[in-house]
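This report concerns only the one structure given below.
The values are calculated or read from the model by the stated rules, or taken from the named source; none is laboratory data. From a predicted model like this one, the values you see are computed outputs, not experimental measurements. Cβ atoms come from the backbone with ideal geometry, glycine included; neighbour counts cover every protein chain shown. Heavy atoms of the whole protein, side chains included, go into the accessibility calculation; ligands, DNA and RNA do not. Shrake-Rupley method; radii C 1.70, N 1.55, O 1.52, S 1.80 Å.
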Amino acid sequence: PRRNWGGYGMDNASPEWQAVIGGHMAMLAREFGIEGARIDVADGQGPNWGSPRTNHASYSTIGGGIEMLRAIRDGIAQGPANIPVLIPESPLRREYFTIEDAFVVGYGFEFTNCIRDNVDLARTEPARMVEVLRGLLETERATLPPGAIVIRTLNNHDTVVERGRVMDRFGAGLARAFYGVCVAVPGLPMMYQEEETGNFGALRRMNWTRRLLPELGAGEAVYLEPGYFAPEVFAVLRKDAHNQTIVLVNLSGVRQTGRAEMPEDVDDETVVYDAAAAVLREKVRNAYVRDHTIEWTLEPYETTFLRIGSPPEDHIPAARFAAKDDGALYARETLEWRVDETGLTARSGGVKAQLTLPGMNWQSSTPQPGVTLLTSPAGSIEVHETLVEVDVTCDIAPEFAHNPLVLHLSRAKRWTISGESAVLDDWFVTRRWRFPEGSDYVWRRTDVWGYLPHQVYNRVLPAERLWQSIFEPLHGKGPAAAFLDDDSRGLSLINIRTDAMNVVLTDGSEPDRRTTSDVALLFFAVDGDLHPQIQHFGHAQPWIVPGLEAVPARPLRVSFTFSDAAAANMDFAKSRSALTPSQPVEEREGEQFSDFFRAIFMPEPGAVTWRNLAAVPGTFQIQFELRHSERGPEDTGLCDAYVVEINGITAPLDWVALNTASTGNAYFGHAQTKPFDLSNGPHTITIRTKRPWCAVRRGFRLIPATPAE
């Protein structure tokens, strides 16, 4: 048995092992009625050179995988499923689609890995990303067996741990655009649990449009040439025997206006319907074909469905847990407010919000008419009352930075945040439950989540967080939030301004946390759940600084206006843009790249450049983990194949350790530069390679220079 991932991995070609798994699946099918299964590591644990069954070692990979899939199929068939569903976790193996009497679904690694490896390209050059996606999908169509179906998803269990949730990786706008591509192309759009958080309205709109337009599910796909509508817009024509729909996905944070050319069989004066608006019964932006084209406008990251000649035959039903139709959002209600020793309390509709610092008592005074001042050892909350609104300014002393300023929310059923790249909206619904008492399962708060340099949190993932400003900042011109009750009335915060390290919306699902057991909006001067490197340098920086301490305590300032929810409407209607490029940008030069083992492999000589790297106070040697050999742990055949530039200055490398990490025949070691003063940023690092199959692992370790250096 292999132990590739810490547990035992048996030989899939073993008849005894196939019988064990087949019997297990039969039990699950009989007892619990399962109809299908995802098969982890369907290709097996690698060639078994000691197999007692065959001297063909590689038969334990795909050959054994096919036999194992059949055993799983036969086990599931003993339950209610006439045709078991099999989802083998593997790259695109055409052989698995040959399994008879089963519905085999491809895992979709290629699409997921494509957007994983090109997120920086999508942010900086969306037109090139359109070309990459079209090339991938055309190649896939040319090589898939007839009738084969694959899953379309933005994340899987591996990438969510290695890189974070889609909101963390892409921001809300780009994540929605990528999902729009999933809905537009052949395959099964799929989302891992909680990837939907904050995107209820946008995803519901796309999913129901896909469901109600049959050509999107089973129709032919014609991938339209890049630049068909605009260079930054992915375009595909879906058609069946009865209907045609052009799907346009804006991959950029810029509004795009262009002309969409119609298929040859479409006559002038034909009506083209805005299908998504039609299924939601919104105001429909229909267009008429003129000179064989229509003019259209796409908002940043928008997906639109242009149904040619006939409207959708049905419309979207009401949300299952909505008391009123979505169109009733933000009905006006009188705002009420008061102050006491616990802080400031405001109410509108059924929603009550209490602003306070945990464990702090406040004293109130009235320095002038219309102004109330709350004071405590922690600082002050100044309240200015107007006719219909309340202006609030909070100043918290640095000694209390370990506690967030908390806005507790009661009876709020829906939330909306005006983010930089999208308007986030969702319902407060239960997505997880506590482990049962006596089950022996617990959250261990000291567990590390993820790997540097992608590690975000100081300990285990704080699962109660619905939105965080470190991933999707508040909109610069319309920073707002609204919280609604069952009747779509509620409170809003508009003109939100803060120097908080992180603003967090929580769902109150972890009552043992030190912050709050309620649904709440938290303003952190210093967010102790963030890894110290995130606290110092921001999200997604590649620096690794050993022994880095948390950011020192610092004051917190927060200001906003309390009003009824209707007051936020204009802020939510403002146009969006791409996320501000505060994160590093990775650029690649060359023909081929492969991402594996937290490393970038370059089968041919090329270059990788990281721009917008954060300043780090001090002078450091920069240590890289580079592939030094494809022959053995002590070989140095690739040591002279790298040229490193720091801010345009060539930096000679000193190899200080070999074989620090390895996978297969790739052996990595540590090479470091002379000392560089990194105090003034941003910085740029380029690594050029002179030979095939060089590789660099992610994360650059900073070693403080000694005074002599």
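Taking the Cα centre of the stretch 78-223 as origin and assigning +1 to Lys and Arg Cβ atoms and -1 to Asp and Glu Cβ atoms, the resulting dipole is close to 480 debye.
Within the shell of other residues whose beta carbon sits under 14 angstrom from the beta carbon of residue 51, the net charge comes to -1, with Lys and Arg scored +1 and Asp and Glu -1. Sorting 655, 49, 415 by accessible area puts them as 49, 655, 415; the probe is 1.4 Å, largest comes first, and only protein heavy atoms count. When nucleic acids and ligands are ignored and a 1.4 Å probe is applied, residue 690 ends up with an accessible area of around 120 Å².
With contacts taken as Cα pairs under 8 Å and at least 6 residues apart, the stretch 79-173 reaches a relative contact order of 27 percent. Take the stretch 354-445 with all the other protein chains still there, run a 1.4 Å probe, and you get 53 Å² of accessible area per residue.
Go ahead and run the numbers for FRET between residue 242 and residue 674, Cβ-Cβ distance against an R0 of 41 Å, rounding to 0.05.
It comes to 0.05.
Enumerate the residues in the stretch 582-604 having an amide nitrogen under 18 Å from the point lying 7 Å beyond the Cα of residue 662 toward its Cβ. Inside the label zone: 597-599. Taking a straight Cα-Cα cut-off under 28 Å and skipping sequence neighbours fewer than 8 places away in the same chain, the lysines within cross-link reach of residue 352 are 324, 413, 477, 574. In the context of the full set of protein chains, the stretch 199-276 has a per residue accessible area of 41 Å² (1.4 Å probe). Each other residue within a Cβ distance under 12 Å of residue 363 adds +1 if Lys or Arg and -1 if Asp or Glu, for a net charge of -2. Put +1 on the Cβ of each Lys and Arg and -1 on the Cβ of each Asp and Glu in the stretch 106-251; which of 148, 243, 106 then has its Cα farthest toward the positive end of the dipole? Result: 243.
Would you kindly state how much longer the chain becomes between residue 365 and residue 706 on full extension, computed as 0.36 nm times their sequence separation minus their alpha carbon distance, in nm to one decimal?
The residue 365-residue 706 span can extend by a further 117.3 nm.
Candidate cross-link partners of residue 283 among the aspartates and glutamates, defined by an alpha-carbon separation under 17 Å and a same-chain spacing of 8 or more, comprise 274, 299, 302, 313, 314, 325, 326. Among the DSSP helices (H) of the chain, those spanning at least 20 angstrom by Cα along their long axis with an average Kyte-Doolittle hydropathy of -1.0 or more are 15-32, 62-76, 126-143, 166-184; this is a geometric and hydropathy rule only.
Computed about its Cα centre, the charge dipole of the stretch 8-47 is approximately 100 debye, with only Lys, Arg, Asp and Glu carrying charge at their Cβ.
For the chain, which whole-number percentage of the solvent-accessible area (1.4 Å probe, protein heavy atoms only) is attributable to carbon and sulfur atoms?
In the chain, the share of accessible area belonging to carbon and sulfur is 50 percent.
For the chain, what is the relative contact order in percent, using Cα pairs closer than 8 Å and at least 6 residues apart in sequence?
Computed value for the chain: 9 percent relative contact order.
Think of a 1.4 Å ball rolled over the protein heavy atoms: the stretch 583-623 then has 42 Å² of accessible area per residue.
Listed by chain and number, the lysines whose alpha-carbon sits under 28 Å from that of residue 674, ignoring those within fewer than 8 places in the same chain, are 690.
Stretching the chain fully between residue 592 and residue 570 yields a gain of 3.3 nm (0.36 nm per residue, less the alpha carbon separation). Seen from residue 576, the other residues with C-beta closer than 15 Å to its C-beta sum to a net charge of -2, counting Lys and Arg as +1 and Asp and Glu as -1.
Suppose R0 equals 30 Å; then what is the FRET efficiency for residue 291 and residue 127 from their Cβ-Cβ distance, rounded to the nearest 0.05?
Once the sixth-power term is evaluated, E becomes 0.75.
Gain on full extension, evaluated as 0.36 nm per residue between residue 460 and residue 257 minus their Cα-Cα distance, stands at 68.6 nm.
Across all directions, the shadow cast by the convex hull of the stretch 561-709 built on its C-alpha atoms averages 13.4 square nanometres.
DSSP beta bridges in the chain, what fraction antiparallel, as a percent rounded to 5?
Percentage antiparallel, nearest 5: 90.
Computing Rg and the Kirkwood Rh from the Cα coordinates of the stretch 34-149 gives a ratio, Rg/Rh, of 1.08. Which FRET efficiency, nearest 0.05, do residue 271 and residue 188 yield, Cβ-Cβ r, R0 30 Å? Computed FRET efficiency for residue 271 and residue 188: 0.45. Of 265, 486, the order by accessible heavy-atom surface (1.4 Å probe, DNA, RNA and ligands excluded), from most exposed downward, is 265, 486.
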